[in-house]
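The values are calculated or read from the model by the stated rules, or taken from the named source; none is laboratory data. A quick note: this is a predicted structure, and the numbers were derived from the prediction, not measured. Neighbour counts run over all protein chains shown; Cβ positions are idealised from the backbone, glycine included.
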Amino acid sequence: MSLTSLTILNDDELKLLEHRMSNLLGDDVLMRRAGEAAAAWIRGEINEGERVTVLAGPGNNGGDAVCAALALRREGVAVELVMPGPAKSDLCRRMVEEWRAAGGTISEDPYMTEPAAVVVDGLFGTGQEKPVSGAYLDAVLWFNERRAKKLSLDVPTGLNPATGNWIGTIPGCRADATMAFLAVKAGLYLNEGPDAAGEVILRELDVSVPLSSLSVTGLDEFRYVRQERARFSHKGTFGKLLVTGGDTGRLGAAFLASRAALRLGAGSVTLEAFAENVPAVDPISPELMFATGAHPVDGDFTATVIGPGLGQTERARARVEAALKSEKPLVIDADALNLIAANMPLQDLLLARRAATVITPHEGEAARLLRRPVEGVTVDRVAAARELAVQSGAIVVLKGTGTVTALRSGRAWVNPTGNAMLATAGSGDVLAGMIGAFLAQKFDAVESALAAVWIHGQSVDGCLANVTASDILEMSAETLEVLRARSAAE
Ligand SMILES: NC(=O)C1=CN([C@@H]2O[C@H](COP(=O)(O)OP(=O)(O)OC[C@H]3O[C@@H](n4cnc5c(N)ncnc54)[C@H](O)[C@@H]3O)[C@@H](O)[C@H]2O)[C@@H](O)CC1
Ligand SMILES: Nc1ncnc2c1ncn2[C@@H]1O[C@H](COP(=O)(O)OP(=O)(O)O)[C@@H](O)[C@H]1O
Ligand SMILES: [K+]
């Protein structure tokens with residue numbers, strides 16, 4: 001995993017860059033560099049005498065694959081080239097001619113090849129237009145069944161490079177590693193993408209890649225959160241956070257958010273719980289304070305988190321209204337989002353807010369806010385997050401596989417950390433509390449959101465089982481500690 005932010009280029013941006021580079025360098029130079037880069041990686045994966053099978057498609061992804069085969073063959077590696085259909089792009093045709101001129105043969109059926117240690121998917125890349133079918137689909141199935149190291153070139157075949165969904169819902173290649181050329185594509189991090197791509201390896205091909213409005217979050221996005229605290233400080237320096245939620249039966253959600261906020265460094269945390277029988281103390285976190293009597297004034301706190309376990313009563317609606325009217329930073333999660341989705345005046349208040357506001361919907365909550373079915377969010381998570389940012393005026397953290405953080409300017413980030421161990425009840429409450437903790441410590445709101453999402457995901461890195469939300473908050477605090485130690489040593 002890369003620790004610095006990576007630029008994501010979309011199809012238009014890539015085409016423009018490729019066009020410029022092709023004018024500057026010659027039309028085949030990037031393809032040759034891509035092939036060489038793949039061949040160099042493959043050489044590192046094989047032992048003396050082991051074979052490689054390369055699947056090449058009809059377009060430039062196929063051209064990259066043929067170039068890789070050529071480079072391996074030049075070095076004496078036993079490599080077989082399979083093309084289920086004829087070359088269609090000029091560049092791919094040219095590479096095929098070179099392959100034949102070098103004495104190479106081409107088979108159409110991968111089942112006719114010898115067992116290989118590495119198999120390469122160079123069937124389709126960013127030019128995929130329709131679901132994979134026919135002989136190409138057979139090649140995809142063959143690829144997935146191999147007991148070999150599996151490398152996809154640029155994008156796993158069948159995956160929509162922008163959205164991370166299978167094109168036409170037909171599953172495509174599942175690789176151990178994907179080598180992205182020039183820039184990474186958003187789809188490698190979203191929905192089906194991480195399972196399909198495996199490890200993402202970027203090769204910029206000696207091109208200086210321009211910035212874009214979308215990137216993969218790296219540590220450089222939150223250097224202040226990672227900095228050691230100044231010694232000249234006191235608990236007031238780190239802010240007072242209010243957590244509002246926890247109605248009867250859902251008190252735990254508010255506890256998780258509050259405990260996470262304490263662990264992630266809020267100077268103090270006060271819980272305003274809606275449940276009837278709220279304990280006088282949290283025996284696990286006795287540091288936690290409880291609001292008693294009338295509802296606290298948001299303005300008396302540095303920041304508020306509202307929503308975890310809040311419920312959707314009239315009392316809750318009125319409390320969300322008061323929070324929206326406050327001029328302090330606010331994190332809005334869970335039921336507070338559902339209340340806003342169902343209530344136009346609350347939406348107006350949200351849009352009118354001037355203080356920093358972070359909303360943290362999962363796909364279901366985002367769908368309600370955007371008034372569409374959940375599939376209308378899943379189909380393009382980046383687009384949905386951007387739309388929601390425009391609609392709400394808030395910083396949007398759209399949770400899920402590849403959490404997307406978007407601003408109303410269109411600037412957006414895809415988070416690379418995390419795994420399905422986060423898919424456990426209360427993990428979103430922990431995240432809301434973490435963002436609240438960073439806002440209370442007066443970090444920039446965008447940095448707070450990006451840092452919390454990255455750390456929350458990283459905390460379960462390598463975990464395969466045995467993780468509850470309570471563990472996530474402990475491990476997130478440990479992750480921040482490691483990051484601070486490292487940044488102090490830099
Ligand atoms: N042009 C350049 O300068 C560079 C291109 N690169 C490679 O070029 C790729 C993009 O190349 P292309 O735009 O040619 O796209 P692809 O190679 O992904 O595929 C396009 C070709 O496949 C056909 N096709 C698409 N979907 C199909 C389907 N489901 N069934 C059958 N045929 C289908 C199209 O009609 C077209 O002929 C990138 O992913 C990358 O691998 C890299 O070499 C980097 C430099
Ligand atoms: N498969 C997954 N891969 C990565 N992150 C996930 C996955 N499933 C859930 N998450 C993350 O876990 C958290 C779940 O939050 P949420 O849906 O609000 O759950 P809850 O309400 O139970 O706390 C979010 O941060 C989400 O991004
Ligand atoms: K591919």
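Figures for the structure shown
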| item | result |
| --- | --- |
| For residue 89: the one exception among (1) among the hydroxyl-bearing types (Ser, Thr, Tyr); (2) more than 34 Å from the chain's Cα centre (by Cα); (3) within 16 Å of ligand 3 (Cβ to nearest atom) | (2) |
| Verdict on residue 266 being crowded, with 21+ Cβ neighbours inside 10 Å and either assigned to a helix (DSSP H, G or I) or at pLDDT below 95 (or both) | no |
| Pair list, Cβ < 9 Å and 6+ apart or interchain, from region 281-299 residues that are among the acidic types (Asp, Glu) to residues that are in a loop (DSSP other than H, G, I, E, B) | 282/288; 298/326; 298/327; 298/328 |
| Within region 67-91, considering residues that are among the basic types (Lys, Arg) and in a helix (DSSP H, G or I), the one farthest from residue 111 (Cα to Cα) | 74 |
| Residue count for region 351-393, restricted to those that are more than 16 Å from ligand 2 (Cβ to nearest atom) and more than 23 Å from residue 167 (Cα to Cα) | 14 |
| Where residue 19 falls short, out of the listed (1) more than 9 Å from ligand 1 (Cβ to nearest atom); (2) within 31 Å of the chain's Cα centre (by Cα); (3) free of Cβ contacts under 8 Å to residues at least 24 places away in the same chain | (1) |
| Within region 102-128, considering residues that are over 16 Å from residue 65 (Cα atoms) and in contact (Cβ under 8 Å) with a residue 40 or more places away in the chain, the one nearest to ligand 2 (Cβ to nearest atom) | 117 |
| Some residue of region 97-118 being within 16 Å of ligand 3 (Cβ to nearest atom), under 30 Å from residue 418 (Cα atoms) and either out of contact with any Leu (no Cβ under 8 Å at 6 or more places or on another chain) or of a type outside the set (Lys, Arg) (or both) | yes |
| Some residue of region 54-62 being under 17 Å from residue 152 (Cα atoms), within 14 Å of ligand 1 (Cβ to nearest atom), of a type in the set (S, T, N, Q) and touching a helix residue (DSSP H, G or I) at 6+ places or on another chain (Cβ under 8 Å) | yes |
| In region 219-256, residue nearest to ligand 3 (Cβ to nearest atom) [restricted to those that are touching a strand residue (DSSP E or B) at 6+ places or on another chain (Cβ under 9 Å), in a helix (DSSP H, G or I) and closer than 19 Å to residue 433 by Cα] | 253 |
| In region 1-54, residue surrounded by the most Cβ atoms within 10 Å (Cβ to Cβ) [restricted to those that are within 16 Å of ligand 3 (Cβ to nearest atom), of a type outside the set (S, T, N, Q) and not in a helix (DSSP H, G or I)] | 54 |
| Residue 145 vs. criteria among the charged types (D, E, K, R), more than 21 Å from residue 416 (Cβ to Cβ) and not assigned by TED's automatic domain parsing to the domain that holds residue 413 | yes |
| Residue count, region 282-332 (criterion: touching a Gly at 6+ places or on another chain (Cβ under 9 Å) and at pLDDT below 95) | 0 |
| Every residue from region 428-446 that is surrounded by fewer than 24 Cβ atoms within 10 Å (Cβ to Cβ) and not in a loop (DSSP other than H, G, I, E, B) | 445, 446 |
| Test result for residue 78, surrounded by fewer than 23 Cβ atoms within 10 Å (Cβ to Cβ) and in contact with a strand residue (DSSP E or B) (Cβ under 8 Å, 6 or more places away or on another chain) | yes |
| Residues within region 354-366 that are buried (at least 20 other Cβ atoms within 10 Å of the Cβ) and more than 17 Å from residue 432 (Cα to Cα), tallied | 0 |
| Meets criteria (closer than 25 Å to residue 41 by Cα, touching a residue at least 12 places away in the same chain (Cβ under 8 Å) and in a loop (DSSP other than H, G, I, E, B)) for residue 94 | no |
| Residue 87 vs. criteria surrounded by 14 or more Cβ atoms within 10 Å (Cβ to Cβ), modelled with pLDDT of 95 or more and touching a Pro at 6+ places or on another chain (Cβ under 6 Å) | yes |
